[in-house]
Structure formats: structure tokens, C-alpha cells
Amino acid sequence: MKNLLISQATLDKLADKHQVSRREVEQCFANKCGLFLEDSREDHRSDPATMWFIAPTNEDRQLKVVFIFKDGLVHLRTAYEPNPVELAIYDRHGR
């Protein structure tokens, strides 16, 4: 995915804390079957808006992918396995 930007600090956090690779994030974008949802929580608001979705990797691992879309580029904030509340929200509003 050419327009996906991931800082080295974020790559390190993904690997160390969440055991998520860049390739898995790219697979989630390719496998997405729903909408992007805006994170409207006060401490997560940004300009441009923080967006997120849940999708499977090619190995069927569900990941929540959180990003900002700016100037034609996707700036990844984080990606990790979603909790039951996040899954329920996405099932209700994103699929």
C-alpha cells in the first residue's frame, strides 16, 4: 500500500506491544468490508479526524486499525486485536 505511512516508533509499538506487522495492516485495508468510523471520543479527537475500522488479515486475525487520512496519505496510529466492545460497536455501525 503505497500511501500508508507508519513511523518507526509506531512500527516498534505494533511489533512489541501488539505483535502486528505492516503486512497485516495492509491486508486489513485490502480485506475491509465495512465503513471507516470516526473516533469521536474527546481525548482521541484530531484534525483531521481519527478514523478506524475492523477487518481480518489473510490469516483471519481480526484487527482494529486506527489512522488519520491527510493529504492523500494514510498515517497509521495503531493496530491491535479489538476487544468485545469495539467489535460490537463496529458490527452495529460499521458493517
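The values are calculated or read from the model by the stated rules, or taken from the named source; none is laboratory data. None of these values were measured; they are calculated from a predicted model. Note that each Cβ is placed from the backbone with ideal geometry, even for glycine, and that neighbours are counted across all protein chains shown.
Restricting attention to segment 1-37, the residues that are touching a residue at least 60 places away in the same chain (Cβ under 8 Å), within 16 Å of T78 (Cβ to Cβ) and exposed (fewer than 11 other Cβ atoms within 10 Å of the Cβ) add up to 1.
Summed over segment 6-37, the residues that are in a loop (DSSP other than H, G, I, E, B) and of a type in the set (A, V, I, L, M, F, W, C) give a count of 5. On the given criteria, is S40 hydroxyl-bearing (S, T, Y), surrounded by fewer than 11 Cβ atoms within 10 Å (Cβ to Cβ) and either modelled with pLDDT under 95 or under 24 Å from D12 (Cα atoms) (or both)? Considered against the rule, which asks whether it is hydroxyl-bearing (S, T, Y), surrounded by fewer than 11 Cβ atoms within 10 Å (Cβ to Cβ) and either modelled with pLDDT under 95 or under 24 Å from D12 (Cα atoms) (or both), S40 comes out as yes. Within segment 38-58, the set of residues being part of a loop (DSSP other than H, G, I, E, B) and without any contact (Cβ under 8 Å) to a residue 12 or more places away in the chain comprises S40, R41, R45, D47.
Scanning segment 59-72 for residues that are within 14 Å of the chain's Cα centre (by Cα) and part of a strand (DSSP E or B) gives Q62, L63, K64, V65, V66, F67, I68, F69. If the condition is being without any contact (Cβ under 8 Å) to a residue 60 or more places away in the chain and surrounded by fewer than 14 Cβ atoms within 10 Å (Cβ to Cβ), then segment 64-92 contributes K70, D71, N83, P84, V85, A88, D91, R92.
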